[in-house]
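Asker: One structure, pasted below without further comment.
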Amino acid sequence: MYGYAPGRANIIGEHVDYNDGYIFPFAIERKTTVLIKKSDDSSFRVRSKGYGAFVINPEKMEPRGDWTDYIQGVFWVLKRHDRFHLFPVTLEVDSDVPIGAGLSSSASVEVATLAALNGFFTLGLDKATLIAYAKEAENDFVGVQCGIMDQFASVMGKEDHAIFMDTRSGDFEYVPIDLDDKTFLVINSKVSHALGSGEYNRRRAECALCLNTLHRSSFRDISLAELENKRALLPPVAYLRGLHVLTEIERTCLCKTALLEKDWALVGRLLTQSHSSLRDNYQVSCEEIEYLIENLNQFSSVWGARIMGGGFGGSLIALVEERAVPKILAELSDKYFHRYGIRLEGYQVKPSKGAGYVDS
Ligand code: GLA
């Protein structure tokens, strides 16, 4: 038997899933699979193609700061919820979700591990519980205070649909994605500035500072006008973070309508505005991504582009004319290599189904 779980892309709605905003992600075709078998001995063994092996000690699970944390984290959460009545198994992990690329490779490992255990041991975990447990593994074991987006998209993904979700209420709807002759192109800068998780948690704290200073408990109860009026009360960084959140919430709603109406120019503009705000107000971009975005925007076949995911490197997402993809990738790849000595990777992404397991 094996469990599988995809990575995700996010059209727009970045760094707002932990700020009561709207998000617009979809599961992608790239996924992690976890093959599960009864162990030959009394150990819980994990092997990962290309990343080595390790043995989980259920009596003593501690983060090691590497890929094994995502798997240990899942076992740790099951134990915390008194669901760890498992006999020893071996897990073989394989993934084509690039690591550190902002495509949620970590969520896909967590969800695929849970899906495999859920199927093999008939734990009866429903989708909401899979999402909650995977997020808990990331928040409380790995130590990244991420929002719900990655685990949610990985579990709930649907072919040809993106998911428009209100992270305040938890309500969501599937939005059909029909791009005609256009496509979403993800470009992986292959840089991952290790500040990642520390800076991520710091952004969360700065958003909380913005809310506290304004005596509000949700960004949904603050208008842009109010933020501007009260700017003098706020530490400059808290103002900037709030400005990103409020404008991104608005852009995400506009983008959903624009996509349904096939208003590509507007979709592109919103992506570009989102990027500017992530760079200037949320400050999660980096030199290499800026270089890629600037050069991408020179192509007439590119409608808009922005950094995607947690930031500080990783990937960008662009709306482009599908026929131009080979030319864009070839030219951009050469330029980028000459400048930084790094070979970028490009992937066309399209909305795909979410996690599950297969009795093989
Ligand atoms: C990471 C987190 C998500 C989300 C994004 C930024 O991917 O895991 O919860 O906050 O960053 O939008």
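Asker: Check Leu332, Leu292 and return the single one that is buried (at least 16 other Cβ atoms within 10 Å of the Cβ), among the aliphatic types (A, V, I, L, M) and over 22 Å from the mean Cα position of the chain (by Cα). It would help to see each step written out before you state the result.
Answerer: Numbers: Leu292 fails: over 22 Å from the mean Cα position of the chain (by Cα).
It is Leu332.
Asker: Going through the stretch 156-186 one residue at a time, which ones are closer than 16 Å to Asp17 by Cα and more than 12 Å from the ligand (Cβ to nearest atom)? Before you say what the answer is, go through the steps one by one.
Answerer: So in the stretch 156-186, the residues closer than 16 Å to Asp17 by Cα come out as 156, 162-173.
Met156, Ala162, Ile163, Phe164, Asp166, Arg168, Ser169, Gly170, Asp171, Phe172, Glu173 - these are the residues of the stretch 156-186 that are closer than 16 Å to Asp17 by Cα and more than 12 Å from the ligand (Cβ to nearest atom).
Residue-by-condition table, conditions (1) assigned to a strand (DSSP E or B); (2) surrounded by fewer than 24 Cβ atoms within 10 Å (Cβ to Cβ); (3) within 16 Å of the ligand (Cβ to nearest atom):
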{"position": "Gly3", "(1), (2), (3)": "yes, no, no"}
{"position": "Ile28", "(1), (2), (3)": "yes, no, yes"}
{"position": "Leu35", "(1), (2), (3)": "yes, yes, no"}
{"position": "Ser42", "(1), (2), (3)": "no, yes, no"}
{"position": "Pro58", "(1), (2), (3)": "no, yes, no"}
{"position": "Glu62", "(1), (2), (3)": "no, yes, no"}
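Asker: Using the structure shown, decide if Ser285 is of a type outside the set (Lys, Arg) and touching a Lys or Arg at 6+ places or on another chain (Cβ under 6 Å).
Answerer: Answer is yes for this residue.
Asker: In the set Phe54, Phe84, Phe75, which member is in contact with a helix residue (DSSP H, G or I) (Cβ under 6 Å, 6 or more places away or on another chain), of a type in the set (Phe, Trp, Tyr) and not in a strand (DSSP E or B)?
Answerer: Step by step, each of Phe54, Phe84, Phe75 is checked, and only Phe84 is in contact with a helix residue (DSSP H, G or I) (Cβ under 6 Å, 6 or more places away or on another chain), of a type in the set (Phe, Trp, Tyr) and not in a strand (DSSP E or B).
Asker: While we're here: Give the residue, chosen from Ser301, Ser277, that is within 16 Å of the ligand (Cβ to nearest atom), touching a helix residue (DSSP H, G or I) at 6+ places or on another chain (Cβ under 7 Å) and among the hydroxyl-bearing types (Ser, Thr, Tyr).
Answerer: Ser277
Asker: Cβ-Cβ under 7 Å, sequence separation 6+ or interchain: first residue in the stretch 244-261 and polar (S, T, N, Q), partner buried (at least 19 other Cβ atoms within 10 Å of the Cβ). Which pairs?
Answerer: Thr247/Ser277; Thr252/Ile12; Thr252/Gly13; Thr252/Gly21; Thr252/Tyr22; Thr252/Ile23; Thr252/Phe24
Asker: Just checking, does the stretch 116-126 include any residue being buried (at least 24 other Cβ atoms within 10 Å of the Cβ), in contact (Cβ under 8 Å) with a residue 12 or more places away in the chain and within 16 Å of the ligand (Cβ to nearest atom)?
Answerer: No: zero hits.
Asker: Anything in the stretch 11-22 that is near the ligand (Cβ under 8 Å from one of its atoms), buried (at least 24 other Cβ atoms within 10 Å of the Cβ) and over 11 Å from Leu271 (Cα atoms)? List them, or say none.
Answerer: Selection gives His15, Val16.
Asker: Looking at the stretch 89-111, which of its residues are away from the ligand (no atom under 16 Å from the Cβ) and either under 22 Å from Ile11 (Cβ atoms) or in a helix (DSSP H, G or I) (or both)?
Answerer: Passing the criteria: only Asp96.
Asker: Now a separate question. Looking at Val142, is it among the β-branched types (Val, Ile, Thr) and away from the ligand (no atom under 15 Å from the Cβ)? Walk me through how you get there before you give the answer.
Answerer: Values: among the β-branched types (Val, Ile, Thr): yes; away from the ligand (no atom under 15 Å from the Cβ): no.
It is false that Val142 is among the β-branched types (Val, Ile, Thr) and away from the ligand (no atom under 15 Å from the Cβ).
Asker: For the condition surrounded by fewer than 19 Cβ atoms within 10 Å (Cβ to Cβ), farther than 30 Å from Glu29 by Cβ and in contact (Cβ under 8 Å) with a residue 40 or more places away in the chain, what is the one hit in Arg220, Arg216?
Answerer: Arg220
Asker: Which residue pairs have Cβ atoms under 6 Å apart, sit 6 or more places apart or on different chains, and have a first residue in the stretch 83-101 that is outside the structural domain of Thr68 (by TED's automatic domain parsing) and a second that is modelled with pLDDT of 95 or more and surrounded by fewer than 18 Cβ atoms within 10 Å (Cβ to Cβ)?
Answerer: none
The values are calculated or read from the model by the stated rules, or taken from the named source; none is laboratory data. The structure displayed is predicted, hence computed values, not measured ones. In this analysis, Cβ positions are derived from the backbone assuming ideal geometry, glycine residues included, and neighbour counts consider all displayed protein chains.
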